[in-house]
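The values are calculated or read from the model by the stated rules, or taken from the named source; none is laboratory data. What you see is a predicted model, and the numbers here were worked out from it, not measured in a lab. Here Cβ is always computed from backbone atoms with ideal geometry, including for glycine, and neighbour counts include all displayed protein chains. With ligands, DNA and RNA removed, areas are computed over all heavy atoms of the protein, side chains included. Shrake-Rupley method; radii C 1.70, N 1.55, O 1.52, S 1.80 Å.
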Amino acid sequence: MSIFRVPLLRHTCNLEHRRARDAPTCSNPILASRQHRERVKLGRPHPKLLSPPAGPKTWHAALPVRECEVQLDCDTHAVMTVTPANSRPADARHGVLSLVEKVLRSIVLGLALAVLATVVSSSPALAGTTIITHGFTPVSPDPPNWTLTLGRAILAADGDPSDCGAQGSQTPYGSLFVYDPSTGAWELECGSTTPIGEIVLIYNWSQESDGFNIGGTQGFAEAAGDALYAALRDPQFPAAFSSVDPLADPVHFIGHSRGAVVNSDCAERLAAAGIAVDHVTTLDPHPVDGTLDFPLDLADWLDRAPVTWDNITFADNYWRADGGGVAAVDFDGMSLPTDVDLDIEGGIDGLFDIDPPLEHTEVHAWYHGTIDLTANDDGDGTPIDNDLFSDWWGNSGIPDRAATGFYHSAIVGGSRPGPVAGTAPSWSPLSIYNGDFETVDTAIENLGIGYAGWYYHGGSTPVPAVPWSSLSPPTGSNFYLTLFGDGVHRTVTHNRLYVDGGAGSLEFERRVSFPSANDRLVITLVDSAGSQTVADAALTSFTAWETVAFPIAGIGQTRTLKLEIDGGGDGVESIVDLDNLRFIPEPGHLALLSAGVIWLGTFGRDRARR
C-alpha cells in the first residue's frame, strides 16, 4: 500500500506525479520530465501505472498548499481511499478559495511552473476537459451534429475504444455532455458514469447564435460566454458526476466561427478569476462586427474578435478567407495573434468543393481530420479531404495531417511553438453583464424583447430599456431599466450568472416615481435549490437617482437575478428606474482584490509552458 499526498485544487483531489519513459513505481515515483495530473477515482486502477509498483512509498506534492491523501494499492493499482489532509473546510457545494489563499497559492504555483518549464517539452495524454462551441446555427434548438461527432473523436483519441460507450456504462473512460440552456445543466449524452479520461462538454447556444429568433442580435455572443463561464464555475452535472471539476487542468476550448468569440469571452472571465486554461483552438473565427465579407458586412452584432488572454498556455488558430463579393456568402475567418496561426485556404480550396461548397464549414471538418486520422466525414455531411485537385494537408505550407491541429493538444502531446504575449483581462469578476443596460439593440429598444444578458440561459426581458433622454435631460445614449404596471413589465430576470467569492453586496442606482404604500422592490438570487431575497424595499416616497447596496449570501454559486415590483395584491402603482447593477466586495476586501491582480500575473503565459 502506498500513501500519496497531493494538492487539493479547487476542492478536487488530483493525483499528480512526473512520468518517466518507464512507468513510475511506488519506490521510484519521480524519474523524468513529464508532468501528469488526473482526477482520482475510488476503486479504479490508475491507468498510467502500467507496471507493478514495488514497496510502500509516500509521495509529497510539490505544492502542499492544500492536500488530499490518496491510498494506492501497489498490487492492483486501485485507488483505495481519497481523504482531505491539512486542508481547511470547503464550501458546502464547491468552495471558493479565499483571496489570501489564492495569492499565496499562485505565487508558489507560478514559481513551480517556471522551474518545471525548463524540463517540460510536451504533455502526455492527460485527463481534463474539452469544451466545444459551435457558431451560427440557424433555426435550431440543438447544437449541430458535427460537435457531437468531434467530441466522440476526442474521447477515442484519449483511449476510449467504445465510441463514447453507452449512456451509463461503467467503462473507465471519458464522458460527453451537452449543455441545456433552459436549465443550465450538463446532460449526459454518452460515456461512463465513472470517468477517468477526458470530459467533453458541448456548449449549446444555438437559439441566439443566428440572431433571428427574437430579433435582437447585439451582445448575445458575450452573453453566451458569460453563461458558459457560470456553467463551468458552478456546474450542474447529474448526481453521479457531482465530484467532477470541469476546470481541472488541462482545459481545452474549441470554437468554430462565432463559437470562437463565445469561448474567448468565457476565457477572459476565467483569466480575471485567476483560472488557467491550457489550450484554446479557434476554427475560422468569424466575429460579426461589421468588418468581414463585404457587402454582407453591414451588421455589427458587437462580437469581439477572439483574444489570447494571459491565462492561456497555448493558442492555435486555423482559418481561411476568400474575400467579399459573390464569395461573401462563404463567411471568412481571420488571422489572430496566436502561437499557431495557420492559413489553410491553400489546402481546402480545390478546383471546386464537393458537398457542401462552403469552406467556412470545411474548417471544422479539417480539424476533425487531425483528431481521427482515418475519418473521411465529419458526421454532419461534410467530407474530409475530398476536394478535387487538392490535398488538405502536406501542401501550401500546411503540415502533415498527424502533425498539426489536434496534434498540439494535451491528449496527443505534440510540440507547441510560441508563446506569443498574452493580454490581461479587462472584465471584473464582480461585474454583471449588461447590468448597465448599454448593450441594447437600438432597432428593437422599445419592443421590450431580447436584451443581451437578460434573455436565454434563465433570463427574461419583457421590459423595455428606456433611454435617459425620454424621461430626463438628454445625456447621449445612456440607457436604464424601468419597472412598472401589473403585467409583465413589473419584473425582469438576468441570465444565470456566477456570484464571485469576493462579492459582499449588490449595488445599483435607483429612482422611484409615483410611490405607493403597498409597493415594494424585491430582488432575489435564484438557483435550482430555491431563492435568496437580497432586497425587499418599500416604495413609499419619491426619490431622485440614488445609489443603494444590499448584502448578499451564497457566494461562489451560479444564480439568476430577478428584479420585480410587488404590489402586495393591490396593483402596482410605482415606477422604478434601475441602472448600473454590479456586485461590490465586502468591506476590507478591496486591497485583496488588488492583490488578486498580482496573483493572476503569476499565471501569465510568459511564466511557464507545458
If we keep only residues of the range 154-178 that are surrounded by fewer than 23 Cβ atoms within 10 Å (Cβ to Cβ) and outside any loop (DSSP other than H, G, I, E, B), then the residue modelled with the lowest pLDDT is S169
Tell me, which residue of the range 290-309 that is at pLDDT below 95, open to solvent by less than 40 Å² (accessible area, probe 1.4 Å) and of a type outside the set (G, A, S) is nearest to the chain's Cα centre (by Cα)? D303
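For the range 237-345, please list each of the strands (runs of 3 or more DSSP E) lying entirely inside it that holds at least 1 residues being among the charged types (D, E, K, R).
Working: elements: 251-256, 277-283, 312-319, 340-343.
Per the criteria, 277-283, 312-319, 340-343.
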Could you check how many residues of the range 421-442 are open to solvent by 30 Å² or more (accessible area, probe 1.4 Å) and closer than 19 Å to T547 by Cβ? 4
Among the listed residues Q557, Q532, identify the single one that is buried (at least 18 other Cβ atoms within 10 Å of the Cβ), of a type in the set (S, T, N, Q) and under 19 Å from L430 (Cβ atoms). Q557
Which number in (1) at pLDDT below 90; (2) open to solvent by 50 Å² or more (accessible area, probe 1.4 Å) marks the one condition that G381 misses? (2)
Residue list for the range 179-203, restricted to those being open to solvent by 10 Å² or more (accessible area, probe 1.4 Å), more than 20 Å from A127 (Cβ to Cβ) and not acidic (D, E): P181, S182, T183, A185
Checked V572, V576, V526 against criteria (under 21 Å from A230 (Cα atoms) and either open to solvent by 40 Å² or more (accessible area, probe 1.4 Å) or not polar (S, T, N, Q) (or both)); the one match is V526
Mind telling me which of the residues V526, V492, V499 ends up being under 19 Å from Y456 (Cα atoms) and out of contact with any Asp or Glu (no Cβ under 9 Å at 6 or more places or on another chain)? V526
Taking only pairs six or more apart or across chains, which ones have beta-carbon atoms under 7 Å, a first residue in the range 486-514 that is free of Cβ contacts under 8 Å to residues at least 60 places away in the same chain, and a second residue that is open to solvent by less than 30 Å² (accessible area, probe 1.4 Å) and among the aliphatic types (A, V, I, L, M)? H489/V463; H489/L483
Selection from the range 454-485 of residues assigned to a loop (DSSP other than H, G, I, E, B) and either open to solvent by less than 10 Å² (accessible area, probe 1.4 Å) or modelled with pLDDT of 85 or more (or both) yields W454, Y455, H457, G458, T461, V463, F484
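In the set E509, E564, which member is surrounded by fewer than 19 Cβ atoms within 10 Å (Cβ to Cβ), at pLDDT 90 or above and touching an Asp or Glu at 6+ places or on another chain (Cβ under 7 Å)? So that I can check it myself, show each step before the final result.
Working: E564 fails: touching an Asp or Glu at 6+ places or on another chain (Cβ under 7 Å).
Only one candidate passes the filter, namely E509.
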Using beta carbons and a limit of 6 Å, which pairs, at least six apart or on different chains, have the first residue in the range 399-427 and over 27 Å from I199 (Cα atoms) and the second one among the β-branched types (V, I, T) and buried (at least 17 other Cβ atoms within 10 Å of the Cβ)? T423/V307
Is it the case that T439 is touching a Leu at 6+ places or on another chain (Cβ under 9 Å), modelled with pLDDT of 75 or more and in a loop (DSSP other than H, G, I, E, B)? yes
